[in-house]
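Structure record follows, encoded as structure tokens.
The values are calculated or read from the model by the stated rules, or taken from the named source; none is laboratory data. Note that the coordinates shown come from a computational prediction; the quantities given were computed from them, not determined experimentally. Don't worry about glycine lacking a Cβ; one is built from the backbone with ideal geometry, like all the others, and counts go over all protein chains shown. Please note that ligands, DNA and RNA were not included when accessible areas were found on the heavy atoms of the full protein model with its side chains. Shrake-Rupley method; radii C 1.70, N 1.55, O 1.52, S 1.80 Å.
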Amino acid sequence: IVNDREDDKAPYLTAGVSSKGKFSFLYGKVQIRARFKSAQGAWPALWMMGNEKGWPANGEIDLMEHLNFDGHVHQTVHSVYTVKLKGKAPQKSSTTKVNRDDWNTYGCEWDAEKIVFTVNGKSTHTYPRKPDLGEKQWPFNQPFYFILSMQIGGNWVNGSGPTNPDHYPADMQIDYVRVYQYVEGSAEGTC
């Protein structure tokens, strides 16, 4: 939305929803069904942050980040290992094609040993725990909370050109957020 508030000089208003302090969880399966309108400078994202420590030591799991009019989304993990130490292995991110501007389901299956990213129910990328790399590589052993955000502008999204006001308003719609966790003692060991 173009910002017409006289007391705020930012050119656009952006928004997000966070479950910090309200809901967090450790391990399970996540599914978020969402759609967004593409626009030059639009950066919708569905992500999770660890409750403990500051960024990047708390870890970040990006279930989906979309830029401009791309036909794909980015799925990424961040940690001290990937951000400050610039560790290359294991691979921290991947891109996956999506039905742009249509409903897609983004998620992951996350346990003590790996994070398996998914789009529309299909595995797209796996980030494994490497015990020899320690906590800096794997801060994903703590409860995480959700952030669902629609940002406009920024260095990454505007790398291919400036935000175009003619493309707005742009938005992101969320149909549902589902979290499944393993039930201890379950005969099948399922979520």
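Backbone N atoms of region 92-118 closer than 13 Å to the 7 Å Cα→Cβ label point of residue 27 belong to residues 110-115. Across region 16-24, rounded Karplus estimates of 3J(HN,Hα) from the backbone phi angles (6.51 cos²θ - 1.76 cosθ + 1.60, θ = phi - 60°) give x, 10, 10, 9, 4, x, 10, 8, 8 Hz, Gly and Pro being marked x. The share of Cα pairs per 10 Å bin across region 111-191, counted from zero up to the longest distance, runs 12, 27, 34, 19, 7, 1 percent. Accessible surface calculations at 1.4 Å, restricted to protein heavy atoms, place the chain at 53 Å² per residue. Along Cα→Cβ, 7 Å out, is where each label goes; now give me the distance between the ones at residue 183 and residue 8 in nm to one decimal. According to this spin-label approximation, the distance is 4.4 nm.
Peptides 15-24, 148-157, ordered by how many other C-beta atoms sit within 10 Å of their residues on average, highest first, read 148-157, 15-24. The spacing between region 127-144 and region 38-71, judged by their C-alpha centroids, is 19 Å. Over the chain, dividing the summed -39,500 (n - 2.57) contributions of all DSSP H runs of at least 4 residues by the number of residues returns a 222 nm mean residue ellipticity of -500 deg cm²/dmol.
Each of residue 101 and residue 72 was given a label point 7 Å from its Cα along the Cα-to-Cβ line. The distance between the two points is 2.1 nm. Dividing the mean sequence gap of close Cα pairs (under 8 Å, 6+ apart) by how many residues the chain holds gives a relative contact order of 34 percent. Estimated at 0.36 nm per residue, the fully extended path between residue 133 and residue 116 surpasses their Cα-Cα distance by 4.2 nm. With a Förster radius of 25 Å applied to the beta-carbon distance between residue 85 and residue 52, the computed FRET efficiency rounds to 0.85.
Here region 29-140 exposes an accessible surface that is 49 percent carbon and sulfur, computed with a 1.4 Å probe and the other protein chains kept in place.
Compactness ratio for region 40-135: Cα radius of gyration over 2.2 N^0.38 Å (N = residue count) comes to 1.10. Across the chain, the convex hull enclosing all Cα atoms gives 140 Å³ per residue.
Given a 10 angstrom Cα cut-off, can you work out which residue in 35, 178, 100 is the most mobile in a GNM of the chain? Maximum fluctuation in the GNM of the chain, among the listed residues, is at 178.
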